[in-house]
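To start, the structure itself, in structure tokens.
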């Protein structure tokens, strides 16, 4: 097999877009929690640890999910033949090593968050993914914790707590929608995901309810006076994108989960705007 194809296969294992996006979320958490230029080394270390850990988690997920992916995602690196399952496993180990080395430069609380997340990543596919709703909650918690991790890197783990809650709830909705999208392969593999156990529509309605709670949480920084109108000007459209996406999930879950992801990043940007304008004294 051509070297370029194999190289793209290894890169594909990490889901580079997701890994980099997770790093951006960690940076966002640090910024919202009050990072300054003096925290640059800690923030960079936290971002690198997040990127490595996310890439490693994606790679090991592909290793465990290789049979399901032959049905749901035949273009992924292992089922397509770009890399072998054994190569994916050891590549994941190397990436986890990079995450550990990066995290050692951080405060103890940040290291503790990293260790818990590392254990959850390793256990997710093998133990949690097939349990109704449990796997969804684990992924949601991991996503939300990237903001806590960013804050912990600069000694303020709760500085981005509202953003953590918003991201976790929105991710929970997105994970439920993804399970509906992947129901054929999951059923073939014998998994007991939420849509398989309770049905597709009840699962999607649960996702809608969870997202409404997330939207309600998003206005807390404005209501408390922490952020001003500039924040509200970005977070309201973000909430709208996510609410429309959740409504669309009943007809097109594939498109809906992509729109939910876009809305989540727009919401994270709203927090950046809110923090930046609060620093400059703008509205």
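The values are calculated or read from the model by the stated rules, or taken from the named source; none is laboratory data. Model, not experiment: these values are computed from the prediction. As a convention, Cβ positions derive from the backbone with ideal geometry for all residues, glycine included, and neighbour counts pool all protein chains shown.
Data for the structure
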read-out	value
Which listed residue is over 19 Å from residue 118 (Cα atoms), modelled with pLDDT of 90 or more, part of a loop (DSSP other than H, G, I, E, B) and more than 11 Å from the chain's Cα centre (by Cα), from 155, 159	155
Boolean, residue 107 is over 23 Å from residue 24 (Cα atoms), out of contact with any strand residue (DSSP E or B) (no Cβ under 6 Å at 6 or more places or on another chain) and surrounded by fewer than 18 Cβ atoms within 10 Å (Cβ to Cβ)	no
Flag for residue 235 being surrounded by fewer than 15 Cβ atoms within 10 Å (Cβ to Cβ) and assigned to a helix (DSSP H, G or I)	no
Inter-residue pairs, beta-carbon under 7 Å, first in contact (Cβ under 8 Å) with a residue 24 or more places away in the chain and not assigned by TED's automatic domain parsing to the domain that holds residue 24 and in region 38-65, second in a helix (DSSP H, G or I) and crowded, with 18+ Cβ neighbours inside 10 Å, 6+ apart	none
Filter result for residue 216 (assigned to a helix (DSSP H, G or I), modelled with pLDDT under 95, out of contact with any strand residue (DSSP E or B) (no Cβ under 6 Å at 6 or more places or on another chain) and surrounded by fewer than 17 Cβ atoms within 10 Å (Cβ to Cβ))	yes
The lone exception for residue 241 - which of (1) buried (at least 24 other Cβ atoms within 10 Å of the Cβ); (2) within 25 Å of residue 146 (Cα to Cα) it fails	(1)
Boolean, residue 19 is assigned to a helix (DSSP H, G or I), within 27 Å of residue 159 (Cα to Cα), without any contact (Cβ under 8 Å) to a residue 40 or more places away in the chain and more than 19 Å from the chain's Cα centre (by Cα)	no
Failed item, numbered, when residue 105 is tested on (1) part of a helix (DSSP H, G or I); (2) outside the structural domain of residue 266 (by TED's automatic domain parsing); (3) closer than 30 Å to residue 276 by Cβ	(1)
Subset of region 108-140 [touching a residue at least 40 places away in the same chain (Cβ under 8 Å) and either assigned by TED's automatic domain parsing to the domain that holds residue 185 or under 25 Å from residue 198 (Cα atoms) (or both)]	124, 125, 126, 129, 130, 131, 132, 133, 135, 136
Unmet criterion (only one of (1) more than 20 Å from the chain's Cα centre (by Cα); (2) under 12 Å from residue 132 (Cα atoms); (3) touching a residue at least 40 places away in the same chain (Cβ under 8 Å)) for residue 199	(3)
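Every residue, every condition in (1) surrounded by fewer than 21 Cβ atoms within 10 Å (Cβ to Cβ); (2) modelled with pLDDT under 85; (3) in contact with a helix residue (DSSP H, G or I) (Cβ under 8 Å, 6 or more places away or on another chain), yes or no:
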site	(1), (2), (3)
74	yes, no, yes
78	no, no, yes
81	yes, no, no
101	yes, no, no
121	no, yes, yes
124	yes, yes, yes
133	yes, no, yes
150	no, no, yes
